[in-house]
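Trainee: First, the structure itself, so that you have it in front of you.
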There are 4 protein chains.
Amino acid sequence: MTFSVAVSGASGYAGGEILRLLASHPDVEIRTVTAHSNAGQPLIDHQPHLRSLAHLTLQDTTPEVLAGHDIVFLALPHGQSAQYTDMLSDVPLVIDAGADHRLTDSAAWDAFYGGAFSEPWAYGVPELVVGSEKQRGALVGARRIAAPGCNASTVSLSLAPGVAAGVIDPSDIVTVLAVGPSGAGKSLKTNLLASEILGTANPYAVGGTHRHIPEIRQALAAAAPAAGDIRISFTPVLVPMSRGILATSTAPIVPGVTDVQIRDAWESAYADEPFVHLLPEGSFPRTADVLGANTALLGLAIDRSAGRVVVVAAVDNLVKGTAGAAIQSMNIALGLPETTGLSVNGVAP
Amino acid sequence: MTFSVAVSGASGYAGGEILRLLASHPDVEIRTVTAHSNAGQPLIDHQPHLRSLAHLTLQDTTPEVLAGHDIVFLALPHGQSAQYTDMLSDVPLVIDAGADHRLTDSAAWDAFYGGAFSEPWAYGVPELVVGSEKQRGALVGARRIAAPGCNASTVSLSLAPGVAAGVIDPSDIVTVLAVGPSGAGKSLKTNLLASEILGTANPYAVGGTHRHIPEIRQALAAAAPAAGDIRISFTPVLVPMSRGILATSTAPIVPGVTDVQIRDAWESAYADEPFVHLLPEGSFPRTADVLGANTALLGLAIDRSAGRVVVVAAVDNLVKGTAGAAIQSMNIALGLPETTGLSVNGVAP
Amino acid sequence: MTFSVAVSGASGYAGGEILRLLASHPDVEIRTVTAHSNAGQPLIDHQPHLRSLAHLTLQDTTPEVLAGHDIVFLALPHGQSAQYTDMLSDVPLVIDAGADHRLTDSAAWDAFYGGAFSEPWAYGVPELVVGSEKQRGALVGARRIAAPGCNASTVSLSLAPGVAAGVIDPSDIVTVLAVGPSGAGKSLKTNLLASEILGTANPYAVGGTHRHIPEIRQALAAAAPAAGDIRISFTPVLVPMSRGILATSTAPIVPGVTDVQIRDAWESAYADEPFVHLLPEGSFPRTADVLGANTALLGLAIDRSAGRVVVVAAVDNLVKGTAGAAIQSMNIALGLPETTGLSVNGVAP
Amino acid sequence: MTFSVAVSGASGYAGGEILRLLASHPDVEIRTVTAHSNAGQPLIDHQPHLRSLAHLTLQDTTPEVLAGHDIVFLALPHGQSAQYTDMLSDVPLVIDAGADHRLTDSAAWDAFYGGAFSEPWAYGVPELVVGSEKQRGALVGARRIAAPGCNASTVSLSLAPGVAAGVIDPSDIVTVLAVGPSGAGKSLKTNLLASEILGTANPYAVGGTHRHIPEIRQALAAAAPAAGDIRISFTPVLVPMSRGILATSTAPIVPGVTDVQIRDAWESAYADEPFVHLLPEGSFPRTADVLGANTALLGLAIDRSAGRVVVVAAVDNLVKGTAGAAIQSMNIALGLPETTGLSVNGVAP
């Protein structure tokens, strides 16, 4: 069976990546692509790398255009999904790449986003440890899926095994991320101009204001419901690479646990995962190794001098961080093999 | 008076930057440049950007060649300075850009470097808070100066005011740095090839093994002798910019201190400094803003949710991190105006 | 049927890209990977992005190890293939990614490479216009194939249609290429260090010395045997992107030809090609649009003021320039669908 | 004597670079900085690298604010200078960094810019060969100066010596330039976003439409008034470096001239110039070598196989291409030493 698909926000970076991955997915047909201001133009004018989709024309993003497909992807600015989702009730599977349906706590939504709160959907990070289970279970047969925030899923995957196993203390997490500017979208902002990014590192949202913080707290709380208060110092730094997240996350070692126990927490969590890998001791990942791939690579160090575990994670923000997570979740929801249409190999150098 | 200068290691990056700065310093004459394998070749072949020094030829690095100058800069691989310094006893001022004379603790030297321990020299970070004083005092009239490690001085300048003022707890510092590859020198290593650095972020020395860790601990211990144990989780990440360090350093807020007390610690420490600046509340620096300059820019956030102070610091690793620190220290040692020959303005964009 | 494959030079960039593409090719099994100094080590240590091949170990590059496969890829430094090819006579298909078997003219080999001349093999650029035919024909059923030089094939594809159609004059071609450093391989050379490439453009092989010049002359002479003397001013410029070639090639307009005749030369040549595309009038390609893809994108301008046609071509040097060309040629040689295992879509942004 | 200065367009890239250079010029006082939409804001908010000018506030760009200074720099979008210049008649020296006063031919202005034509001012490229003279002479005592286009001056300096000496044929020039995005200013355009520039090369204004073409033709015609028709194929390519122009310019060798005659044309033209240098035979420049410097470095190859001279030139578009040219011209106009406040050394790596 071939599923018909519509992708909104198709002229942007997230929408473009969803299309790039779907274009080589054997079980879907990309029938409709939509955009707002660019409606009526050829898709190829906005996504010149998607040669196999050169026949498609951008339509207006309206519920009418999106309805009537088996699957609809929403790649819209935050806060815009809700207006469509009510009118897409007949669509069997809707996947939102925006933030609107990620948070379960309306107070967190108010504090970090504001505007009307929307109900949470199944969270699209299958490998996430949830107590003694994985998040995968919530995605089987799901009809509404919220793809994760790219930074959030990277950090949650980095730390959830240790929190769930009780070997690290989640009350004093510190995370610093080197991120590429594609995560910010095609926004016309001075600080995203090439001249402002080339040759320089640029921090933003310093001091606890980044919108992915509550999403991480929610995921880690789910990993270990009894873990108590979860506190995160979170600092993203824009660096001159178009894609990629390299997240360095540290948390205090729980007194009394052994190195073997620590390493085993991550090894056992990810031993059978096709897309999340713990590298051998002493190895740490580069973002180049996952470019274009749906892979998250983790390196783990136990720093007894500092009293902290250090997890370095590499993710392609547009793939495993967004579009790949969406399609992996789609595969699970539809009962397809989970890895269909997704590469584990990066494009390097 | 004009001081005669010799610079060893003149074909490398640190030596080149010392020369670039000295070339516009009004009180020195660059008389001699030396190298090892490149001796006999024109300097301009190795430093094609130094047009004003096109007349110089690299000589062999020997004590005989270096002797007889008023000032000698050593920009040699770690462990190589000691063999020269004994034989340069008649040189009035020797400044070492290597690590050999930075550490006061031979055990720390053994643990992180190894080989014969050399006596510590005056540490070349004038603005560093040392109890109620500044490190500047130790440099007045100094005859032997150790220029700092670039990452070490960046982190020490970031945190020393707060440690000295007792507003942050130095026993659980976490620092993650985005750094350019020029800090690693002109070494022919696969991981420093352009194809391995472009478009990717690459962590190294993860888990407490970086050699600048004991240097930071030493500086912060000097900032507040009663501060107790100093522990640092330290992770550097190579990013695709030739120069620059963006260090994100966090430490727990000491219970009971107010936001005003915290901010005042840094403001009062650096209010009168020509080269170290605390940015206004809500502002954070980019490395581009200090490219080519002897400036360290700091941004400070107080994250009460995380219970941590976050200091983001931008430094040009080759200037304020190495060569500029050396020349600023030289100015102080010689009684020249401290800012002579050093720019506070960066080259941007 | 599944073909067994051995890839030599598997720890390098060209070898790595051959493996990346073969890993998703449905008709081959990668049985053997070899290297010289790295023999005995896991492939993943040298190609950490190739997760699906993490089970492979590098063997020594010897004829014995390579023999016994259906297909052997040689990704060795220039001049090293010949020693293996004699001993691989029983291997049904050998594809050389090096230069050894590209040139038909031993004098050109002597002038630009030197050393023993090897017999030419079928040249692996299927879309190349050869008189009224395409090079594709020479690849059907071929047992020995020479993959092209990346710059050479980019320029040849750019100009062959116009030369063959007689609308441009090949006696005064000027080509300037912006190229990424991965084309130079993993060589440990100072000028390939990241600090030497980041933030700068760096010309090399200026003035007619680049080894791809005779390869272009050979291809264009084959395109139009009566075209007369072919002269090329060829200047490559290293720029800070890991992959990609953006070639700007110009040639004088032949007097009397119309704009329609010019444009038609390229349009008719590439109308049915799956991997080579002429963009619409006024559109020009970026290298990002072909990153990771086996696509060559061409933009054509007719500059009557200058009296020249300008063709701008974008190619991924490691894919369409090397590994993709090799595998596309393999498909043709083996009678497989030509596009098997090769993507037309780039990875952007 | 200290000259008072006003700089308009002070929040942009060209204005920022004029300020950076003036900040270390001993004979001027920066009294006024102006902008349009950003008026009223601190300069440091828009130029965070200019620490020494942190005390300045942006004023509105009006003739009243600009009047009353000894020197006024106009760094405004093309076409906007004229409205100010009439009202600044009392200002002793006005230097325009825009295009309004560069062209002497109103037809060329109409064809490439459009809008009202403004009278030409003294062209600010002192080293340009003008027959048997240099352009410098026209700048002595000048009261109105047009700073050059960055690409135009780079190409004109590359070829004028050969055209003037009659050793190259200016009727078939081909130039391809690798350029950084800062030349396009702080414009909010999608194609200037970091995600669109990082990791890719991007041609623009292909086919003879770039506005700097008539400026080059004008300069080369002045170099050799009897040279006849001047035709240029000109293709700029955006590459991922914030600053810099690497121009590869070729022209046919005039029949009968010797290699010595060719090389001597450039050597004799620039032998005594402080800022323009011909590198030794076989050497070619990188843009990194001139970053932040007012230097133009040229490499020359004589390619007899192609029948062309190749000149590769490296220039910092914001310094020698714009702001440095303006200040060098200012020095000449005011009778100051020509090199005052300008560096010949680049910032590398």
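Trainee: Would you point out which residue out of A:Ala152, A:Ala160, A:Ala164, A:Ala142 is over 17 Å from the mean Cα position of the chain (by Cα) and closer than 30 Å to B:Val310 by Cα?
Mentor: Selected residue: A:Ala164, the only one of A:Ala152, A:Ala160, A:Ala164, A:Ala142 that is over 17 Å from the mean Cα position of the chain (by Cα) and closer than 30 Å to B:Val310 by Cα.
Residue-wise test of (1) touching a helix residue (DSSP H, G or I) at 6+ places or on another chain (Cβ under 9 Å); (2) in a loop (DSSP other than H, G, I, E, B); (3) outside the structural domain of C:Gly324 (by TED's automatic domain parsing); (4) surrounded by fewer than 24 Cβ atoms within 10 Å (Cβ to Cβ).
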{"position": "C:Ala219", "(1), (2), (3), (4)": "yes, no, yes, no"}
{"position": "C:Ala226", "(1), (2), (3), (4)": "no, yes, yes, yes"}
{"position": "C:Asp229", "(1), (2), (3), (4)": "yes, yes, yes, yes"}
{"position": "C:Pro240", "(1), (2), (3), (4)": "yes, yes, yes, no"}
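Trainee: Go through segment B:128-150 and give me each residue that's surrounded by 24 or more Cβ atoms within 10 Å (Cβ to Cβ) and within 23 Å of B:Ile232 (Cα to Cα).
Mentor: Those that are surrounded by 24 or more Cβ atoms within 10 Å (Cβ to Cβ) and within 23 Å of B:Ile232 (Cα to Cα): B:Leu128, B:Val129, B:Ala146, B:Ala147, B:Pro148, B:Gly149, B:Cys150.
Trainee: Tell me, yes or no, whether segment B:55-66 has at least one residue that is within 20 Å of B:Arg243 (Cβ to Cβ) and either in contact with a helix residue (DSSP H, G or I) (Cβ under 7 Å, 6 or more places away or on another chain) or at pLDDT below 95 (or both).
Mentor: No, segment B:55-66 contains no residue that is within 20 Å of B:Arg243 (Cβ to Cβ) and either in contact with a helix residue (DSSP H, G or I) (Cβ under 7 Å, 6 or more places away or on another chain) or at pLDDT below 95 (or both).
Trainee: Does C:His55 qualify as being more than 19 Å from C:Ile95 (Cβ to Cβ) and surrounded by 23 or more Cβ atoms within 10 Å (Cβ to Cβ)?
Mentor: No.
Trainee: Scan segment C:22-43 residue by residue and report those that are open to solvent by less than 10 Å² (accessible area, probe 1.4 Å) and within 11 Å of chain A (Cβ to nearest Cβ).
Mentor: Result: C:Leu22, single match.
Trainee: Also, quick follow-up: Checking B:Thr32 against (1) of a type in the set (S, T, N, Q); (2) under 18 Å from B:Arg243 (Cα atoms); (3) in a strand (DSSP E or B), only one condition comes out false. Which one?
Mentor: (2)
Trainee: Another one. Which of the following residues is closer than 22 Å to B:Glu338 by Cα and buried (at least 19 other Cβ atoms within 10 Å of the Cβ): B:Ala271, B:Ala293?
Mentor: Step by step, each of B:Ala271, B:Ala293 is checked, and only B:Ala293 is closer than 22 Å to B:Glu338 by Cα and buried (at least 19 other Cβ atoms within 10 Å of the Cβ).
Trainee: Same structure, new question: Going through segment B:210-241 one residue at a time, which ones are at the interface with chain A (Cβ under 9 Å from one of its Cβ atoms) and among the β-branched types (Val, Ile, Thr)?
Mentor: Answer for segment B:210-241, where residues must be at the interface with chain A (Cβ under 9 Å from one of its Cβ atoms) and among the β-branched types (Val, Ile, Thr): B:Ile213, B:Ile232, B:Thr235, B:Val237, B:Val239.
Trainee: Kindly indicate whether D:Tyr13 is within 26 Å of D:Pro120 (Cβ to Cβ), surrounded by 18 or more Cβ atoms within 10 Å (Cβ to Cβ) and more than 14 Å from chain B (Cβ to nearest Cβ).
Mentor: No: the conditions fail for D:Tyr13.
Trainee: In addition: Looking only at segment B:268-284, count every residue that is in a loop (DSSP other than H, G, I, E, B), more than 8 Å from chain A (Cβ to nearest Cβ) and more than 20 Å from B:Gly166 (Cα to Cα) and tell me the total.
Mentor: 9
Trainee: Need the failing condition index for A:Phe112 against (1) closer than 29 Å to A:His277 by Cα; (2) in contact with a Lys or Arg (Cβ under 8 Å, 6 or more places away or on another chain); (3) open to solvent by 40 Å² or more (accessible area, probe 1.4 Å), just the number.
Mentor: If we test A:Phe112 against (1) closer than 29 Å to A:His277 by Cα; (2) in contact with a Lys or Arg (Cβ under 8 Å, 6 or more places away or on another chain); (3) open to solvent by 40 Å² or more (accessible area, probe 1.4 Å), just (1) comes out false.
Trainee: Could you grab me the full set of residues in segment B:46-73 that are within 14 Å of chain D (Cβ to nearest Cβ) and not in a loop (DSSP other than H, G, I, E, B)?
Mentor: Passing the criteria: B:His46, B:Arg51, B:Ser52, B:Leu53.
Trainee: With respect to A:Glu196, determine if the residue is under 27 Å from D:Val347 (Cβ atoms) and charged (D, E, K, R).
Mentor: yes
Trainee: As an exercise: evaluate C:Val206 against (1) part of a helix (DSSP H, G or I); (2) more than 26 Å from C:Glu17 (Cα to Cα) and give the number of the one condition it does not meet.
Mentor: Among (1) part of a helix (DSSP H, G or I); (2) more than 26 Å from C:Glu17 (Cα to Cα), C:Val206 violates only (1).
Trainee: Before we move on, is D:His46 more than 20 Å from D:Thr85 (Cβ to Cβ) and surrounded by fewer than 24 Cβ atoms within 10 Å (Cβ to Cβ)?
Mentor: Yes.
Trainee: Please state which one of C:Ser153, C:Ser118, C:Ser158 is within 14 Å of chain D (Cβ to nearest Cβ) and open to solvent by less than 40 Å² (accessible area, probe 1.4 Å).
Mentor: The unique qualifying residue is C:Ser158.
Trainee: Looking only at segment A:286-303, which residues are part of a loop (DSSP other than H, G, I, E, B) and facing chain B (nearest Cβ under 8 Å)?
Mentor: A:Arg286, A:Leu291
Trainee: Hey, among the residues in segment B:324-349 that are within 14 Å of chain D (Cβ to nearest Cβ) and free of Cβ contacts under 8 Å to residues at least 60 places away in the same chain, which one's most open to solvent (accessible area, probe 1.4 Å)?
Mentor: B:Ser343
Trainee: Within segment C:57-101, how many residues turn out to be under 24 Å from A:Ala288 (Cβ atoms) and out of contact with any Ser or Thr (no Cβ under 8 Å at 6 or more places or on another chain)?
Mentor: Within segment C:57-101, residues that are under 24 Å from A:Ala288 (Cβ atoms) and out of contact with any Ser or Thr (no Cβ under 8 Å at 6 or more places or on another chain) number 2.
Trainee: Moving on to the next point. Right, A:Val254: open to solvent by 20 Å² or more (accessible area, probe 1.4 Å), hydrophobic (A, V, I, L, M, F, W, C) and in contact (Cβ under 8 Å) with a residue 40 or more places away in the chain or not?
Mentor: In short, yes.
Trainee: Sticking with this structure for a sec: Please state which of the following conditions D:Gly183 fails to meet, knowing it meets all the rest: (1) in the same structural domain as D:Ile253 (by TED's automatic domain parsing); (2) in contact with an Asp or Glu (Cβ under 8 Å, 6 or more places away or on another chain).
Mentor: Of everything listed in (1) in the same structural domain as D:Ile253 (by TED's automatic domain parsing); (2) in contact with an Asp or Glu (Cβ under 8 Å, 6 or more places away or on another chain), D:Gly183 misses just condition (2).
Trainee: A follow-up question, please. Condition check: touching a strand residue (DSSP E or B) at 6+ places or on another chain (Cβ under 7 Å), facing another protein chain (nearest Cβ under 9 Å), farther than 24 Å from B:Ser329 by Cβ and without any contact (Cβ under 8 Å) to a residue 60 or more places away in the chain. Does B:Ile173 satisfy that?
Mentor: Answer is no for this residue.
Trainee: Hey, can you tell me all the residues within segment B:310-323 that are more than 8 Å from chain A (Cβ to nearest Cβ), hydrophobic (A, V, I, L, M, F, W, C) and touching a helix residue (DSSP H, G or I) at 6+ places or on another chain (Cβ under 6 Å)?
Mentor: B:Val311, B:Ala313, B:Val315, B:Leu318, B:Ala323, listed by residue number.
Trainee: For segment A:168-201, name all the residues that are buried (at least 24 other Cβ atoms within 10 Å of the Cβ) and farther than 29 Å from A:Trp121 by Cβ.
Mentor: A:Val174, A:Val176, A:Ala178, A:Leu193, A:Ala194, A:Ser195, A:Glu196, A:Ile197, A:Leu198, A:Gly199, A:Thr200, A:Ala201
The values are calculated or read from the model by the stated rules, or taken from the named source; none is laboratory data. Because the structure is a prediction, the values reported are computed rather than measured. All Cβ positions, even for glycine, are placed from backbone atoms using ideal geometry, and neighbour counts span all protein chains on display. Ligands, DNA and RNA are stripped out before the accessible areas are found, and what is left, the full protein with its side chains, is counted by its heavy atoms. Shrake-Rupley method; radii C 1.70, N 1.55, O 1.52, S 1.80 Å.
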